[in-house]
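What follows is a single structure, written as structure tokens, with notes after it.
The values are calculated or read from the model by the stated rules, or taken from the named source; none is laboratory data. Not measured: the values here are computed from a predicted model. For neighbour counting, all protein chains shown are included, and Cβ atoms are generated from backbone atoms with ideal geometry for every residue, glycine included. Each accessible area value is taken on the protein alone, full model and side chains, heavy atoms only, with ligands, DNA and RNA left out. Shrake-Rupley method; radii C 1.70, N 1.55, O 1.52, S 1.80 Å.
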There are 2 protein chains.
Amino acid sequence: MTSAGISTPALSAGFHFSSRGEQLIGQEMFRVLDRAQALERQGHRVYHLELGNPRMAPPAEILEATRQSLEAQQIGYAPMAGIAELRTALAMRYAARVEESVTDSHIVISPANLLIHQFLDLTCNPGDRVALFTPAFPSYWAAAAHLQLEVVPVPLAERDGFHLSHQAIEAALSATPRAVIVNNANNPTGAVYDPAVLRYLSARCASAGVWLLSDETYADLTFDGSCSTLTAPHAGHVVVISSFSKVLSVPGFRTGYAIAHEAVAAKLALSNSTLYSCLPAFTQRGCLAGLSVLDRYAAEVRLRNARVTALCDEQINRSNILRSAKPASGFYLFVDISGTGLDDMQFSRRLLDEYHTAATPGRSFGNAYRSFVRLATCGAEEEVLEGVARTVAFAHQLGGCRVQAA
Amino acid sequence: MTSAGISTPALSAGFHFSSRGEQLIGQEMFRVLDRAQALERQGHRVYHLELGNPRMAPPAEILEATRQSLEAQQIGYAPMAGIAELRTALAMRYAARVEESVTDSHIVISPANLLIHQFLDLTCNPGDRVALFTPAFPSYWAAAAHLQLEVVPVPLAERDGFHLSHQAIEAALSATPRAVIVNNANNPTGAVYDPAVLRYLSARCASAGVWLLSDETYADLTFDGSCSTLTAPHAGHVVVISSFSKVLSVPGFRTGYAIAHEAVAAKLALSNSTLYSCLPAFTQRGCLAGLSVLDRYAAEVRLRNARVTALCDEQINRSNILRSAKPASGFYLFVDISGTGLDDMQFSRRLLDEYHTAATPGRSFGNAYRSFVRLATCGAEEEVLEGVARTVAFAHQLGGCRVQAA
């Protein structure tokens with residue numbers, strides 16, 4: 001991880017940050033966003049491929065329900081675990097999927113990014129190990145670093161399309177971690193794991209006494225509509241988290257949820273209360289309305305993502321310099337830039353400065369990925385295609401000799 | 001602190017929470033809210049005096065700007081430190097007040113409750129001491145407990161109207177804390193501290209190398225319109241926090257801010273990014289519109305609060321069993337219930353069950369305050385007056401003999 005480009009003014013003499021304060025690394029793509037927005041303030045048009053910031057119009061029901069809730073002045077404090085109606089609706093939806101009894105006592109509403117932090121905070125002590133299958137979403141690294149945990153990176157093989165394997169699971173557990181995080185469908189690779197392998201992971205964690213966080217933020221966005229979820233809350237050791245941000249195109253609502261054993265859910269609610277009291281009721285009302293149309297809306301989004309991502313993937317691979325493995329879900333391309341001769345920071349910095357196209361450096365997903373960048377394909381279609389074209393043009397400028405040599 | 005009334009289902013065998021997870025205490029008034037809402041679901045009308053949940057209509061400008069922002073689909077990710085326009089507006093407002101140069105690099109938007117946690121997280125290591133002048137807002141205790149800090153409670157004298165004194169400041173600093181938290185105007189006592197004493201506190205902290213959090217959430221709600229702020233950000237060691245929740249009657253917007261040295265502000269922004277990425281842009285747009293009418297609106301709210309709080313204070317003291325010191329700000333009464341013979345938990349539990357009136361037990365503000373409850377007077381006027389009347393009726397039921405003896 002790097003904080004290059006962030007100026008850090010000196011503190012007053014005699015004052016110091018805490019050790020945890022020194023461990024803060026944040027999310028690189030938000031720093032890229034800040035730099036991109038500075039360019040925009042200078043009057044440049046910037047092509048945003050750095051953040052998974054969906055620009056499809058969300059279901060009209062969400063905005064309408066939010067508007068009505070605001071009009072009804074539902075602007076007071078709300079219950080710390082989230083509004084009862086949303087928790088009940090999520091419990092019913094999840095119960096139907098896993099064919100188990102699930103109630104609102106198993107559901108806690110909170111931003112999904114914060115839930116990663118809350119899960120690790122509740123289950124791990126400083127110095128404990130947490131295993132991540134890499135490449136892995138930056139927030140896992142950021143939360144673990146801030147909480148002074150030791151990350152055990154378990155690389156998934158690029159040649160296998162970055163799929164989860166029994167071998168990787170055994171490697172993760174052999175490090176005797178306190179917790180494992182698995183992210184299916186995967187950000188940034190778009191891989192969708194084999195349900196049988198996921199069940200094996202859960203069973204191995206249960207028998208080894210290892211907590212398991214299953215981040216299923218993209219589970220409803222597989223291109224073929226298949227979807228598997230790990231079985232919480234009765235498994236006890238499994239905490240499932242997800243978000244409305246991606247599947248309903250409302251990242252600015254900052255609303256997600258956890259499904260967990262009721263002892264864990266009670267702790268998560270207490271964590272909400274301790275940290276930030278509660279979430280707005282009106283954004284939760286909006287998400288509740290969105291939930292009622294989620295299946296229909298997600299089906300449209302999947303189609304759009306499959307089409308646009310395939311177009312981008314084709315452009316990338318046709319460059320003969322950049323490479324990406326065809327994703328099966330979500331809206332990211334994890335692009336191998338080793339053909340350009342630049343590392344991820346150099347590449348993404350110059351791509352932004354010279355081609356006004358913002359991308360996320362690969363090292364945000366693990367130090368082993370300095371020859372990758374992640375491109376998000378969920379923006380406005382013409383913006384995404386232009387951004388990818390600029391990325392390819394930049395690669396050609398850098399790698400022209402190589403192409404001729406090939 | 002107590003978690004009485006919260007059932008904690010057992011974890012699966014072999015699984016344990018972290019030490020920090022065990023330290024979570026949350027905010028008692030949110031548990032009271034949960035119990036009160038359970039009564040409401042049974043069909044009872046409950047009088048809510050437990051939370052500072054203002055029910056005055058907020059400025060129409062806030063709801064209108066929020067609605068317009070939603071309509072413009074400003075529902076993507078926002079900058080991690082908050083939207084630039086709101087930071088700039090806050091910087092200008094604060095600069096005019098302290099007559100120093102303040103820019104948006106000194107301002108970070110985040111929920112004020114979370115900023116308490118973020119401040120302590122950034123400045124204190126586990127085992128460090130943090131001094132609180134008591135009675136003190138529950139979130140200070142909750143954040144310190146969660147971060148495994150040692151709280152040094154420094155009681156302010158009830159006979160002096162719970163005012164901050166030089167003696168209390170010296171007592172706080174003699175404990176060699178890493179940080180001090182001061183809350184002016186004060187929740188729960190409504191005391192407004194002498195500006196000269198506050199300046200002395202800041203100077204003493206500076207020379208002792210002690211961080212100082214100045215929670216000024218109620219600073220614009222003093223009954224006489226006076227207002228003092230501690231001078232950040234150039235003092236370096238001072239972090240000022242405040243919230244739009246109370247002064248603009250929009251607690252459900254969950255939006256507050258910090259004013260700090262730019263090194264601290266940069267860390268707070270990174271903390272936002274690490275924890276929850278960013279806040280919604282549309283709620284920040286609403287608060288920006290509210291800021292432009294804050295002075296006019298706060299003047300109305302102050303008048304209303306002074307009037308209603310005085311009515312309540314009079315009812316309480318006329319009971320001859322309950323006592324409260326007349327507040328000079330905000331919308332709370334810190335009520336001495338020692339005349340009733342019950343402790344705070346017994347009193348507030350029975351007040352809720354038998355009189356359907358919710359209050360916050362005094363121990364939430366420090367263990368020394370088990371003979372107090374806090375009543376919030378910011379609800380709908382008739383609800384507040386009825387709730388206070390019920391509180392007095394309950395006290396009479398309990399303390400009838402005493403009254404006759406008096």
message = Label position 7 Å from Cα toward Cβ: report the copy-to-copy distances for residue B:73 in nm, one decimal, ordered from shortest.
response = 3.3
note = If one compares the long axis through the Cα atoms of helix A:294-318 with the longest principal axis of the Cα atoms of chain A, the angle in degrees, nearest 10, works out at 20
key: Top positive-direction residue, dipole computed over the stretch B:101-254 with Cβ charges, set B:114, B:242, B:162   = B:114
task = Leaving ligands, DNA and RNA out of it, work out the accessible area of residue B:34 with a 1.4 Å probe and give it in Å² to the nearest 10.
result = 50
query = Between the stretch A:335-374 and the stretch B:106-184, what's the alpha-carbon centroid distance in Å?
reply = 44
message = Starting from the 7 Å offset along Cα-to-Cβ, what nm value, one decimal, do you get for the label separation of residue B:350 and residue A:300?
response = 5.9
query = Contour minus end-to-end for residue A:45 and residue A:22, with contour as 0.36 nm per residue of separation and end-to-end as the Cα-Cα distance?
reply = 4.8 nm
key: Ellipsoid semi-axes in whole angstrom, largest first, where each is sqrt(5λ) of the Cα gyration tensor of the protein assembly as shown   = 46, 29, 25
task = Excluding residues on the same chain fewer than 8 positions from residue A:326, give the lysines whose Cα lies under 30 Å from its Cα.
result = A:246
request  = Using just the helices of chain B, give the 222 nm mean residue ellipticity in deg cm²/dmol: DSSP H runs with n ≥ 4 each add -39,500 (n - 2.57), and the total is spread over all residues, rounded to 500.
outcome  = -14000 deg cm²/dmol
task = Quick one: angle between helix B:28-41 and the longest Cα principal axis of chain B, in degrees between 0 and 90, rounded to 10, please.
result = 60
query = In degrees, nearest 10, range 0 to 90: what is the angle between the Cα axis of helix A:281-291 and the longest Cα principal axis of chain A?
reply = 80
request  = Might you report the magnitude of the Cβ-based charge dipole of the protein assembly as shown about its Cα centre, with Lys and Arg at +1 and Asp and Glu at -1, to the nearest 20 debye?
outcome  = 320
inquiry  = Over the stretch A:1-152, what is the relative contact order in percent, taking alpha-carbon pairs closer than 8 angstrom and at least six residues apart?
reply    = 25
message = Can you compute the FRET efficiency between residue B:103 and residue B:314 using 1/(1 + (r/R0)^6), with r the Cβ-Cβ distance and R0 = 45 Å? Round to the nearest 0.05.
response = 0.45
request  = Normalising by the residue count of the stretch B:268-406, find the relative contact order in percent from Cα pairs under 8 Å and 6+ residues apart.
outcome  = 22
message = I'd like the carbon and sulfur percentage of the solvent accessible area for chain A, probe radius 1.4 Å, heavy atoms only, ligands and nucleic acids excluded.
response = 51
task = Please figure out what share of the DSSP beta bridges in chain A is antiparallel and state it in percent, rounded to the nearest 5.
result = 45
ask   = Name the chain B residue with the Cβ nearest the axis that maps B onto A: which is it, and what is the distance in angstrom?
value = B:67, 3
ask   = Which whole-number value in Å² is the accessible area per residue of the stretch B:60-209, probe 1.4 Å?
value = 34
ask   = What number comes out for the charge environment of residue B:391, summing +1 per Lys or Arg and -1 per Asp or Glu over other residues with Cβ under 14 Å away?
value = -3
note = chain B, Gaussian network, Cα under 10 Å: of B:362, B:339, B:286, the residue fluctuating most is B:339
query = Between copies, how far does the label point of residue A:161 sit from its twins, in nm, shortest first, when each point is 7 Å from Cα along Cα→Cβ?
reply = 7.4
inquiry  = Looking at the stretch A:240-380, I'd like the Rg to Rh ratio, where Rg is from alpha-carbon atoms and Rh is Kirkwood's inverse mean 1/r.
reply    = 1.07
query = One-quarter of the Cα convex hull surface for the stretch A:254-335, in nm²?
reply = 8.1
query = Distances from residue B:100 to the same residue in each other copy, label points 7 Å out along Cα→Cβ, in nm, shortest first?
reply = 5.4
ask   = To the nearest 20 debye, what charge dipole does the stretch A:27-169 have about its Cα centre, counting +1 at the Cβ of each Lys and Arg and -1 at the Cβ of each Asp and Glu?
value = 360
Residue A:199-residue A:60 FRET efficiency (beta carbon distance; Förster radius 30 Å; 0.05 resolution) = 0.20
